[in-house]
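The values are calculated or read from the model by the stated rules, or taken from the named source; none is laboratory data. As the structure is a computational prediction, the values presented were derived from the model and not from experiment. Here the Cβ positions follow ideal geometry from the backbone for every residue, glycine too, while neighbour counts run over all protein chains shown.
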Amino acid sequence: MVSSAVVPPRLWTWNFNLYFTARTMSVVGDTMIPVAMAVAMLSLGYGVSGVGFALAAWMGAFALFVVFGGVFADRFHPRPLMIGADAVRCLIQGSLAAYLWLGHPPLWFIVGGALLGGIATAMFQPGVSGLVPQVAPDRHKANGVLRVSQGMSQMAGPAVAGMLVAATSAATVFAVDAATFAVSGLCLVGLRLPRFAVDRSDSMLANLRTGWDEFRSRSWLWSVILIWWVLGVFVWGPITPVGAVSVIDAHGKAAFGYAESAFGAGCVLGGLAAIRIRPARPLFAGGLAMFLFPMMPLAAALVPALPLVMLGYAVSGVGWAFWGVQWATAVQTHIPEDRLNRVTAYEIAGSILAVPFGQAIAGPASAVLGVHRLLFAGALMGVCCAIALVVVPPIRRLLRHRPPGTDKGIVLDRPAQVGSAAPPAGGAG
C-alpha cells in the first residue's frame, strides 16, 4: 500500500544555511552596538544624552530611508543592497574602533557614523523579509527558526560585548562588530537564487505609491503601526540609554550586557514556542504574548538583584519573540510577493519612526522625571499597547492564511468590499 503522507519540504538547504548564518551574524553585530555605544559614550563623558543622540541618529536615518530601500529591493533585487550595506557597516564600525584606540572621538564623529550606519541598514532591512520566501518553502517554520537564531544572537552579542568592555575596551567591541558584518556579506554573496522577476516600467514615485496603497489598504497592518508609535516613544526609545544607566549604576558596566543577553535567551524560548504553536489568529495570540514584554522596563526600573533583572529581561524576550514570529508570517503570507519588500519597508519605517524621538528625549526626560520613573512609565505604556493589540478588531480577527481569491488579507479587513470607505493611512510595526 502506497502511503499518501506528504513529506514536508526540507528547510536546511544550501541557501537557507547561508541565509541563516548571514542573519545570525548580522544580528550579533547589531546587538553588540548598544552595549558598546552606551559604555563608550558614558566613558567619553557624553552622558545619557550622548547615547540618546547617537542611537537617535541611527534610528532616524533608518526610518527616513528604509522606504527607498524597499523600492530598490523590489525594483532590482534585495541581495546586492544587503551585501553593500554590510560592507558599509563593516567600514563604519572598523573606523570607530580605530578612532577609539587612537584617541578621543568627538561627538559629531560618532553621531555621523551612526547616521551613515542607519542609512546602510535601511538598504539592508527590507530584504530580510523579502528573501525568506526565496530561501525557505515553509515560511512559518523558517521565521520561527530565524527568531530562535535572533534570540541566541541577542543572548550572545550583548554578553560578549559586556565581557569585552569589562576586560578590554569598547573599541574592541566595535572591531568584532565590523567582522560580523563582513561574514554576513560573504554569506549573502554565496546564495544561489532564482531569477528575480521585476517590473521597472514604473517610475520611483509610482513604485512608492504602489507600496503605500498596498500598505494603507490593510487596517490590521497600520493599526499595529499606530500602536508601535506609542511603544517606540515610551519604551523602545528610552529603554537602551535610560535602562543602561539604571542597570550599570546598580550592578556595574558588564551587567547591562548580561541583562540584554537574558533578553536574547527569552527570545530563544519564545521562538521555539512559536515554531510549535500556529494559532488560527496569529496577531491576537501574539498580542497576548506581548503582555510579558513590559517586564523589561519594569526590571530596569526596580533594579533588584542582578539575577532578577535578568529574569525580567528574559520573560520580556519570550513575549517579544513570539509576537515577532506571528507578525512576520502574517506580513509574508498576506502581502503579494512582488510587493513584499515595499510594504515591508513601510511597516518597518512606521514601526520605528517614533523610536528616535524617544531616544532623543530620553536624557532630558530622565533629568526631569528621574531614570526610574521614566522606566516605570514605559512599563505601564507597554501594558496599554498589549491591551490595544488584543482589542482592536482588525488585529484580533486576522486569520493565519490569506483566503482564496483575495490578496488583501481577511475579508473582515476589507470594509470597502461592502460599500464603506477605504481605511485611513497609517505607519508600521
*Look at the stretch 6-57 and say how many of its residues are more than 25 Å from Ala159 (Cβ to Cβ) and of a type in the set (Ser, Thr, Tyr).*
2
*asked:* I need every pair where a residue in the stretch 335-354 that is modelled with pLDDT under 75 and of a type in the set (D, E, K, R) has its Cβ under 8 Å from the Cβ of a residue that is surrounded by fewer than 24 Cβ atoms within 10 Å (Cβ to Cβ) and part of a helix (DSSP H, G or I), sequence separation at least 6 or different chains.
replied: Glu337/Pro133
*asked:* Just to check your reading of the model, which residue among Ala280, Ala274, Ala250 is among the small types (Gly, Ala, Ser), surrounded by fewer than 20 Cβ atoms within 10 Å (Cβ to Cβ) and under 28 Å from Val331 (Cα atoms)?
replied: Ala280
*helices (runs of 4 or more DSSP H) contained entirely in the stretch 150-267, each with at least 3 residues that are among the small types (Gly, Ala, Ser)*: 170-189, 237-251
_Quick check on my filter: what residues within the stretch 283-294 are buried (at least 22 other Cβ atoms within 10 Å of the Cβ) and in contact (Cβ under 8 Å) with a residue 60 or more places away in the chain?_
Leu283, Gly286, Gly287, Met290, Phe293, Pro294
*Being more than 16 Å from the chain's Cα centre (by Cα) and on the phi > 0 side of the Ramachandran plot, is that true of even one residue in the stretch 295-312?*
yes
*Matching helices (runs of 4 or more DSSP H) fully within the stretch 274-383 where at least 2 residues are closer than 27 Å to Gly127 by Cβ*: 282-289, 306-334, 340-352, 355-360
